[in-house]
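Okay, so here's the structure we're looking at.
The values are calculated or read from the model by the stated rules, or taken from the named source; none is laboratory data. As the structure is a prediction and not an experimental result, all values here were calculated from the model. In this analysis, Cβ positions are derived from the backbone assuming ideal geometry, glycine residues included, and neighbour counts consider all displayed protein chains.
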Amino acid sequence: MRSKKGTYNSRLMATCRNKHLHGNKNTFETIKYLISKGADINCSTYRYETPLHLVCQYQKENTLEIIKYLISKGADINAKNEDDEETPLHLVCKFQKQNTLEIIKYLIEKGADINAEANYTKETPLHLVCQFQKENELEIIKYLIEKGANVNLKNKNNQTPLHYSCQIQKKDTFEIIKYLIEKGADINAQNNDSETPLHNVCLFQKKNTFEIIKYLVEKGADIKNYVNEGPLHILCQYKTENKTEIIKYLVEKGADINAKNNKDEAPLHIVCQYTNQKENIFEIIKCLIEKGADINYKTNNKETPLHLVCQYQKQNTFEIIKYLIEKGADINAKTNTKEIPLHYACEFQKENENIFEIIKYLIKKGADINAKTNSGQTPLHIICQYKNENTLEIIKYLIEKGADINSKNNSGQTPLHHVCQNQNENTLEIIKYLIEKGVDVNDLSKYNQTPLHFVCKYQKKERVFEIIKYLFSKGADINAKNNSKKTPLHNVCQYQNKYTFEIIKYLISKGADINAKNNDEETPLTFALKYQKHKETIKVIKYLIKNGADINAKNRFNVSILELISKYQIKNSFEIIKYLIKKGLDVNDKYKHNQTPSHIICLINNKKEVDLMKLLIEKGADINIKNNFNGLPLNYAIQNKNQELIKLLIMNESDIPDSDTNEITKEIIDLFLKTYSINQDLNNLLNSNDNLSDFEIKTNDLFKFKVHKQILLLRFDYNQSNLQKFINNCLQKPKEIVEIAINFIYTGFPNFDNLIQKLQILKNYLIKIKKLKKNFSKKKLKKELKKEEEELKIKETKQNEINEEFFKEIGFDLNWIKSKSKKKRNNKKIYQNYIKKMIQKDFTIICEEKEIKVHKLILFLRSELFKGMFQLNVEDKSNQVHDYSRKSFETIQQFIYFLYHDKIEENKFNSKIIEEFEDIKDYFQLNQNSIIDLFLNDLISSNKFKNIKKRK
């Protein structure tokens with residue numbers, strides 16, 4: 001329960017914080033009342049804000065009186081908050097509104113540190129006044145300096161108060177700047193970006209800029225500071241009053257007109273980039289050139305001012321270009337990518353309405369009309385890439401002036417390829433003109449793409465159909481293949497839109513190979529299914545099939561069309577598959593992994609597969625073909641829990657799949673029994689309480705035995721006696737059934753010790769019999785079993801020796817049990833017998849020497865577990881603890897086995913295994929040096945699992 005003093009402290013903080021309370025006549029009285037009741041005058045929030053901090057931050061009326069009262073009661077005037085370690089004086093200067101000067105005076109008179117630095121920003125009260133104050137700023141600055149404020153202290157960015165005054169736009173800015181300089185402010189102080197106050201004026205001031213710059217220069221401001229960029233660069237970049245006059249002034253005062261910034265740009269480059277400002281850029285460019293600016297100076301990308309004007313075209317661009325060329329600009333200067341100004345003009349043509357005139361002028365003045373960039377692009381290539389209302393006229397002009405119409409870029413593409421790739425309203429007219437001028441309509445790019453390939457790939461405008469017709473009329477090869485052996489028809493099917501259907505109809509009508517295959521042996525039909533993007537795809541697919549598309553075609557990975565529909569979850573899949581089946585899909589065809597159409601349909605699981613399966617069966621599908629994973633179609637139906645499909649397959653004589661108990665349910669077996677009319681003895685068993693192991697199999701029918709096997713799997717009484725009876729029963733049957741039964745028991749009952757090995761011996765013996773092609777002999781089998789059992793005893797003796805040796809190694813005398821009480825001694829015996837049994841079980845299944853290492857590790861872990869179990873001292877819950885142990889070690893034992901045999905990949909490793917180990921440690925209260933802890937450290941530090949982190 002909170003104390004009264006704590007309550008008063010909280011109320012005091014709340015009253016001082018709530019800015020809406022300030023100005024209320026009751027606020028001051030409330031504060032006095034709370035302090036009189038014992039509220040701590042220097043109590044603080046979690047951010048170390050005292051009541052004085054809060055009043056100074058949220059001040060309104062009565063603030064000065066409240067501050068005086070708090071200080072008179074002992075408030076710490078130089079207390080620092082947590083955020084920036086600011087004092088109350090910092091906050092007054094930062095958040096001041098009314099009576100600020102009086103409050104500052106009072107705080108300083110009472111001992112406030114006038115040069116206190118905030119921890120994070122390193123700003124003093126003077127920094128904050130110059131940065132945030134709007135009223136009476138000059139008077140406050142004067143008072144602070146008179147009282148000893150250091151005018152040249154720097155914050156964390158090395159900004160001085162003068163930097164801020166030059167940066168912030170205020171009514172008294174000029175007077176403040178003058179006063180600070182008079183009081184000794186360093187006029188050339190540099191911040192972290194090497195900027196001086198002069199830089200800030202050029203960058204931020206919009207009024208009185210010229211007068212302030214003049215004053216700073218007269219007072220010694222360095223106009224040659226160009227560490228990143230100089231004052232001239234900044235002026236040329238941003239809008240400022242009297243920009244031209246300021247530039248002239250700075251140049252006259254010695255500013256380097258060709259100084260470089262960090263991009264090797266001179267002021268002239270900057271002006272040419274910002275021609276979109278509403279200023280007389282032309283006059284500024286003239287001024288710079290008249291004052292000596294190098295007209296051919298290059299940036300680090302080797303761009304000249306002429307390049308930049310052609311790139312950033314806006315107002316007066318044509319006049320500026322003419323002026324620069326008249327003044328000696330190199331019209332064929334090349335950038336790092338070998339682009340000349342003409343390339344830039346063609347590339348950025350959208351920006352200027354006079355682009356045609358500009359291009360004409362550049363060519364007239366000697367621009368190389370066939371100059372190539374690093375990628376082999378000529379101006380004609382570039383103009384064919386971009387849309388402009390004058391594009392056709394510009395192309396005609398370039399060709400008339402000698403542009404190479406068949407020039408190829410580094411990708412082997414001609415201007416015609418570019419036009420077909422970047423279609424617009426004038427594309428058809430441009431294509432017609434280029435072909436009339438001699439462009440080869442079947443010219444191949446580097447990757448053997450023809451213009452028709454590009455048109456079919458980039459179906460952008462309504463006239464694409466007309467373009468394709470025209471190209472075909474001029475001899476375009478409709479079955480041309482590119483490097484990946486794709487034809488134009490492949491491209492149309494891959495890049496579908498609203499024009500696709502009509503284009504496909506036209507191409508096929510003109511002889512397009514409907515079953516052409518690319519490098520992956522995929523047909524246009526494959527592409528239409530794989531890249532389905534439009535609502536008319538179903539029409540396209542039906543049309544392709546109707547006109548001869550091979551619906552049984554497979555790609556080079558043996559993947560069929562049906563598998564693609566399943567893989568890509570294609571829309572309208574039911575309708576498409578139904579159409580494929582009706583049109584002659586090979587219902588027993590084998591695809592990748594020997595999957596048949598029946599397997600694929602059972603995998604789709606789209607609620608209509610029953611109807612599709614009916615169609616397949618009607619067409620003669622064999623539903624008992626197994627794939628490479630030994631799976632029947634019924635396996636997948638069961639996996640998807642599709643009851644209707646399961647019923648359909650069983651009613652149509654599907655075999656029983658080899659599957660685990662989780663999949664084959666009693667209901668499915670009932671359905672089999674009912675469908676196949678298994679003999680009445682077997683039917684009666686389902687409703688009988690008799691032990692199934694006593695039932696003697698009365699039929700040699702292999703299929704019926706499989707059903708019986710599944711029943712046993714579901715209802716078997718798990719004990720050795722019944723299992724032995726069942727084995728004896730099986731021994732009377734033909735070897736084929738015996739082998740199935742033994743395999744079933746061996747895989748279905750992994751928890752029986754020696755009996756499992758006997759079954760394995762039995763199975764091996766049956767294999768020997770098959771090889772020798774001898775009849776089954778019970779007498780011979782018993783003799784062989786006896787021999788194998790003797791060998792097993794030898795192995796067990798050896799394992800027992802290993803056990804005993806290992807017990808000594810892990811200290812199995814259970815010395816960790818120190819209690820002498822009878823109850824705990826009894827527990828000791830229980831635990832000792834249990835662990836011995838578990839250890840014995842582990843070693844019983846060791847058949848190879850290399851696995852001993854794994855089981856030793858398991859024993860170490862299990863020994864640690866039982867220590868923990870005993871320490872818990874939960875006699876009443878021992879079964880629960882044992883159960884937890886068994887469940888934990890099922891996971892751990894499997895994990896260690898796979899880890900040892902290197903069967904776990906790093907990208908498949910689940911960190912929940914680590915959590916399992918950690919939970920065991922927590923549950924059994926094991927110490928930090930337990931074998932589990934050591935094992936975890938070793939596991940995590942290994943290279944195999946270097947990304948796994950141990951839980952803290």
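Matching residues to (1) within 30 Å of Ile284 (Cα to Cα); (2) charged (D, E, K, R); (3) free of Cβ contacts under 8 Å to residues at least 12 places away in the same chain; (4) buried (at least 16 other Cβ atoms within 10 Å of the Cβ):
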| site | (1), (2), (3), (4) |
| --- | --- |
| Asn316 | yes, no, no, yes |
| Gly328 | yes, no, no, no |
| Leu342 | yes, no, no, yes |
| Glu347 | yes, yes, no, yes |
| Glu357 | yes, yes, no, no |
| Gly366 | yes, no, no, no |
| Asn370 | no, no, no, no |
| Thr414 | no, no, no, yes |
| Cys420 | no, no, no, yes |
Q: Just name the residue that is surrounded by the most Cβ atoms within 10 Å (Cβ to Cβ) out of those in the stretch 603-662 that are of a type in the set (Val, Ile, Thr) and modelled with pLDDT of 90 or more.
A: Ile623
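To keep it simple, each residue is scored yes or no on (1) assigned to a loop (DSSP other than H, G, I, E, B); (2) modelled with pLDDT of 95 or more; (3) among the charged types (D, E, K, R).
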position: Thr299; (1), (2), (3): yes, no, no
position: Gln315; (1), (2), (3): yes, no, no
position: Glu319; (1), (2), (3): no, no, yes
position: Lys338; (1), (2), (3): yes, yes, yes
position: Ala345; (1), (2), (3): no, no, no
position: Glu353; (1), (2), (3): yes, no, yes
position: Phe356; (1), (2), (3): no, no, no
position: Lys372; (1), (2), (3): yes, yes, yes
Q: Could you tell me whether the stretch 164-185 includes any residue that is small (Gly, Ala, Ser), out of contact with any strand residue (DSSP E or B) (no Cβ under 9 Å at 6 or more places or on another chain) and either surrounded by fewer than 16 Cβ atoms within 10 Å (Cβ to Cβ) or closer than 26 Å to Ile281 by Cβ (or both)?
A: yes
Q.
It is to be established whether one or more residues within the stretch 268-281 are of a type outside the set (Phe, Trp, Tyr), in a loop (DSSP other than H, G, I, E, B), more than 49 Å from the chain's Cα centre (by Cα) and farther than 19 Å from Ala329 by Cβ.
A. no
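So that you can scan it fast, the table gives a plain yes or no per residue for (1) polar (S, T, N, Q); (2) under 42 Å from the mean Cα position of the chain (by Cα); (3) assigned to a loop (DSSP other than H, G, I, E, B):
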site	(1), (2), (3)
Lys432	no, no, no
Gln449	yes, yes, yes
Phe454	no, yes, no
Glu462	no, yes, yes
Lys469	no, no, no
Phe472	no, no, no
Asp477	no, no, yes
Lys481	no, yes, yes
Q | Residue check, Leu434 touching an Asp or Glu at 6+ places or on another chain (Cβ under 8 Å) and either buried (at least 16 other Cβ atoms within 10 Å of the Cβ) or over 28 Å from Lys539 (Cβ atoms) (or both) | A | no
(Q) What's the number of the only condition in (1) of a type outside the set (Gly, Ala, Ser); (2) surrounded by 17 or more Cβ atoms within 10 Å (Cβ to Cβ); (3) assigned to a loop (DSSP other than H, G, I, E, B) that Leu198 fails to meet? (A) (3)
**Q.** Search result, residues across the stretch 204-221 that are assigned to a helix (DSSP H, G or I) and in contact with a Ser or Thr (Cβ under 9 Å, 6 or more places away or on another chain)
**A.** Thr209, Phe210, Ile212, Leu216
Q.
Cβ contacts < 9 Å: first residue within 15 Å of Glu326 (Cα to Cα), restricted to the stretch 283-302; second residue among the small types (Gly, Ala, Ser) and assigned to a helix (DSSP H, G or I), any location; separation 6+ or different chain. Result?
A. none
Q) Can you name the residue in the stretch 486-504 that is closer than 13 Å to Phe527 by Cα and in a loop (DSSP other than H, G, I, E, B) and is also modelled with the lowest pLDDT among such residues? A) Gln496
Q) Taking only pairs six or more apart or across chains, which ones have beta-carbon atoms under 8 Å, a first residue in the stretch 248-275 that is surrounded by fewer than 16 Cβ atoms within 10 Å (Cβ to Cβ) and at pLDDT below 90, and a second residue that is among the hydroxyl-bearing types (Ser, Thr, Tyr) and part of a loop (DSSP other than H, G, I, E, B)? A) Lys263/Thr299; Asp264/Thr299
